[in-house]
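The structure appears below as structure tokens.
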Amino acid sequence: MFRGAVAQAQPSLAVRNNLPTVPKGRTVVIGAGKASAQMAKALEEAWPGPLTGLVVTRYGYAEACEQIEIVEAAHPVPDQAGFLAARRIWEMVSGLSPDDLVIALISGGGSALLPAPAMGLSLDDEQAINRALLSSGAPIGVMNLIRNQFSTIKGGRLAAQCAPAQVATLVVSDVPGDDPAIVASGPTIPSANSRELARKYATLYDLDLPPVAQKLLAGTDNLAPDPCDPVFARHTVRTIASASLSLDAAAAHARKHGMEAAILSDSIEGEARDVAQVHAALAREVALRSRPFNKPVVMLSGGETTVTLRGKGRGGRNAEFLLAFAIAIDGFEGISALAADTDGIDGSEDNAGAFADGTTATRLRKAGIDPLAALANNDAYSAFDALGDLLVTKPTGTNVNDFRAIIVR
């Protein structure tokens, strides 16, 4: 089911089916994200004319392209390579004509891969902002709204720089609800969210921002462009892959093999361990009483959970979800689950996710690991690694975020 979900989100077919019209002038390709290199390769193979351009992807995610330059940079905390790539992309779309076309290939992870600090901020400041956001437990929409305030590229600013050229944005969505303005903080898609709202969220999540960032957030400098600005009149946006389509593919695979599938939601957000409690309660209810679904059944869900860092262990949000889930189904041997990130990397570790079942917590205790203590220390990776239950896929070439499958037999 996981492989089917990932295959559905692969850029090759999705890009080919969503090509914009060839322009009279030049075609410039820009982009950022974990799937951007694969999108660039697919575009090269399908585009009928010459291309130039540059896209930036995460280290280890590059694909060989002939016309489009691929640059690798750091994720989830930006680095100098991403900073220089962002500057080059900005210069690349300057001075275009109305006959030119910019194709923007945007996917999850692009926020960190296109660091472009606003006036008065440094790359060190943007790195500190990202670290504060990543440890805050804030949902992706909130994180990207706040990131927009400190960038000269995000929030539609890059698209405005492309004027008067036409811009066609192709999006592989990794955000709950598939709002394309949130993916990668929307470098080519303006957002209506306000500076005042960003201030409220920064206070709500008690963000430890650098003093220069606090000063900018308190003022009115570097405001994002208005979505109604005529500069965006010739822009088009298409979401070409999403969690919804991937979950449909996983469900079809399950039914093909004789097991009913129930898609709970493709846009679940919240603290990973809390989301796990709800999923576990549903699984137990099905196991004990065959409601709200008859067993056997696989329950599928997607979206993007978050983790508020409390300890100093290793692990991403999917491993943390699964460890909390394993504790909550301890002893239910008819329940098994997979939680993984469709990009192949759960957080900053080398695994996509992990497997768990009703014996996981018992096996951890036999291995000398207290599952509750591991969860308290945010050390889910180490726990599943000790059992040999990590899922390691390497980068998959796409990214539509979390994939969760829970089988109740």
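Where a number appears in this text, it was derived from the coordinates with a stated rule and is not lab data. The structure displayed is predicted, hence computed values, not measured ones. Using ideal geometry, Cβ is built from the backbone for each residue, glycine included, and neighbour counts are taken over all protein chains shown.
In table form, for the structure just shown:
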| item | result |
| --- | --- |
| Spatial extent of the stretch 1-64: Rg and Dmax, with the Cα atoms as the point set, Å | 12.7, 43 |
| Per residue convex hull volume, Cα atoms of the stretch 312-409, in Å³ | 81 Å³ |
| For the chain, share of DSSP beta bridges that run antiparallel, in % to the nearest 5 | 35 percent |
| Positive dipole terminus of the chain, leading residue within ALA112, ALA281, PRO78 (C-beta point charges) | ALA281 |
| ³J(HN,Hα) computed for each position of the stretch 350-357 - Karplus, 6.51 cos²θ - 1.76 cosθ + 1.60, integer Hz, glycine/proline x | 9, 9, 7, x, 7, 10, 8, 8 |
| Value in Å of the Kirkwood radius, where the stretch 142-244 supplies the Cα pairs that are averaged | 14.3 Å |
| More than 18 angstrom apart: percent of Cα pairs within the stretch 244-408 | 56 percent |
| Dmax and Rg, reported as Rg then Dmax, of the stretch 2-241 (C-alpha, Å) | 16.9, 50 |
| Fewest-first ranking of ASP330, ASP178, using other Cβ atoms within 10 Å as the exposure measure | ASP330, ASP178 |
| Order of MET119, MET39, MET299 under a 10 Å beta carbon neighbour criterion, fewest first | MET119, MET299, MET39 |
| Along each principal axis, Cα extent of the stretch 127-182, largest first, Å | 39, 24, 12 |
| Protection proxy ranking of 96-104, 200-208, 157-165 - average other beta-carbon atoms within 10 Å, highest first | 157-165, 96-104, 200-208 |
| Rg/Rg_globular for the chain, with Rg_globular taken as 2.2 N^0.38 Å and Rg from C-alpha atoms | 0.99 |
| Taking N as its residue count, the alpha carbon Rg of the stretch 193-246 over 2.2 N^0.38 Å | 1.63 |
| Between 0 and 90°, nearest 10: helix 123-134 axis offset from the chain longest Cα axis | 30 degrees |
| Scaled radius of gyration (Cα, divided by 2.2 N^0.38 Å) that the stretch 261-334 gives | 1.15 |
| Cα pair count fraction exceeding 14 Å, expressed as % - the stretch 344-390 | 46 percent |
| Descending Cα extents along the principal axes, the stretch 1-122, whole Å | 44, 42, 20 |
| Qualifying aspartates and glutamates (Cα of each under 15 Å from Cα of LYS295; at least 8 residues distant if same chain) | GLU260, GLU285, GLU333 |
| For the stretch 75-205, the Rg and Dmax computed from alpha carbons only, in angstrom | 14.2, 46 |
| Euclidean distance of C-alpha centroids, the stretch 175-247 and the stretch 61-125, integer Å | 17 Å |
